[in-house]
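The values are calculated or read from the model by the stated rules, or taken from the named source; none is laboratory data. This structure is a prediction, so every number in the text was calculated from the model and none was measured. Quick reminder, even Gly has a Cβ in these numbers, built from the backbone with ideal geometry, and neighbours come from all protein chains shown.
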Amino acid sequence: MSATRLLVLGGVRSFGRAHGYEVRRELLSWGSDEWANVNPGSIYHALKQLAKEGLLRAHEVAESDAGPPRTDYEITESGEAEFFRLLRAAVVEVDVRRPELLSAALGFLTELPRAEAIALFERRLEGLAGWRASVAPHLQEARAPGGEAPPLGHLGELLDWWVYSADTAAEWTRGLIGRLRGGAYVMAGEPVPEAEAAFRPGR
C-alpha cells in the first residue's frame, strides 16, 4: 500500500477539482515530504498514474488570462472507492516499517463517519496487541536474571523498543478512541460549524 496514493487521492478529493500545483502545495504544507517522502515529482507522477488507472479524471485547461495551460484533476467513482479502501487499511494495519501510512490516514480522519472510525481504531488496537504478543516472549528470553546483560547483547534493546512502542501506540489509540466517543472533531455526515467550513478547501 502506498501513502502517496492515499495522500494524492485525498488531496484531489478535498478540493473537488484541482491542478497539480494545488495538490502539491496542500500536501507539502502538511510536511509530507519529511514524514512520507512525498516530493513534488512523486505527486505529479501519482496524479498521472491515478488518471491512467481511471481513479482520477484529467481535464485539460487551455491557456487564458488566468494562467498558462494546465491539467485539472477530479476524483472518479472508482477513485472514491479506492481512497476509502486505502484510508481504512492505513488505520487498521499495523506495520512498523511504514509509520507514514497511519500519518497519512490521520490527515483524512474526519472523512470517516464517527462510528466507523472508532471501529477501525478498535481493530488497530487488536493488531497492536497481536504485534506485542509476537515480540514479548522473545524479549523475556533475551533478558538475563539479576540485571545482567541480556544474551542477545544490545539487540535485546531492539525487542524492548518494539514492546515499548506497541504499548505507547496502544495507549495513544485508546486515547483517540475516547476522544472520538466524546465527540471530538466534526466527522463525515455531521454538520460542520460555519466558522470551520470556511477553512475547508472545496467545501
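Selection of the range 130-188 for residues being under 19 Å from Ser103 (Cβ atoms) and at pLDDT below 80 yields an empty set.
Here is a yes/no grid of residues against (1) within 18 Å of Leu86 (Cα to Cα); (2) out of contact with any strand residue (DSSP E or B) (no Cβ under 8 Å at 6 or more places or on another chain); (3) surrounded by fewer than 19 Cβ atoms within 10 Å (Cβ to Cβ); (4) assigned by TED's automatic domain parsing to the domain that holds Thr76:
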position	(1), (2), (3), (4)
Val12	yes, no, no, yes
Leu28	no, yes, yes, yes
Ser32	yes, yes, no, yes
Ala36	yes, yes, no, yes
Leu55	yes, no, no, yes
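The residues listed here are Val92, Val96; of these, the one that is touching a residue at least 12 places away in the same chain (Cβ under 8 Å), surrounded by fewer than 14 Cβ atoms within 10 Å (Cβ to Cβ), of a type in the set (A, V, I, L, M, F, W, C) and within 29 Å of Trp161 (Cβ to Cβ) is Val96. Scanning the range 105-130 for residues that are closer than 22 Å to Leu27 by Cβ and in a helix (DSSP H, G or I) yields Ala105, Leu106, Gly107, Leu109, Thr110, Glu111, Ala117. Counting only residues that are farther than 18 Å from Ser134 by Cβ and either outside any helix (DSSP H, G or I) or small (Gly, Ala, Ser) (or both), the range 162-182 holds 3 of them.
Here Thr71 fulfils each of the conditions (1) modelled with pLDDT under 95; (2) assigned to a helix (DSSP H, G or I); (3) surrounded by 13 or more Cβ atoms within 10 Å (Cβ to Cβ) apart from (2).
For the range 106-129, a residue qualifies if it is of a type outside the set (D, E, K, R) and in contact with a helix residue (DSSP H, G or I) (Cβ under 8 Å, 6 or more places away or on another chain), and the qualifying residues are Gly107, Phe108, Leu109, Leu112, Ala117, Ile118, Leu120, Phe121, Leu125, Gly127, Leu128, Ala129.
His19 fulfils the conditions (1) surrounded by 15 or more Cβ atoms within 10 Å (Cβ to Cβ); (2) modelled with pLDDT of 95 or more except for a single criterion, (2). For the range 13-42, residues that are among the β-branched types (Val, Ile, Thr) and within 15 Å of the chain's Cα centre (by Cα) total 1.
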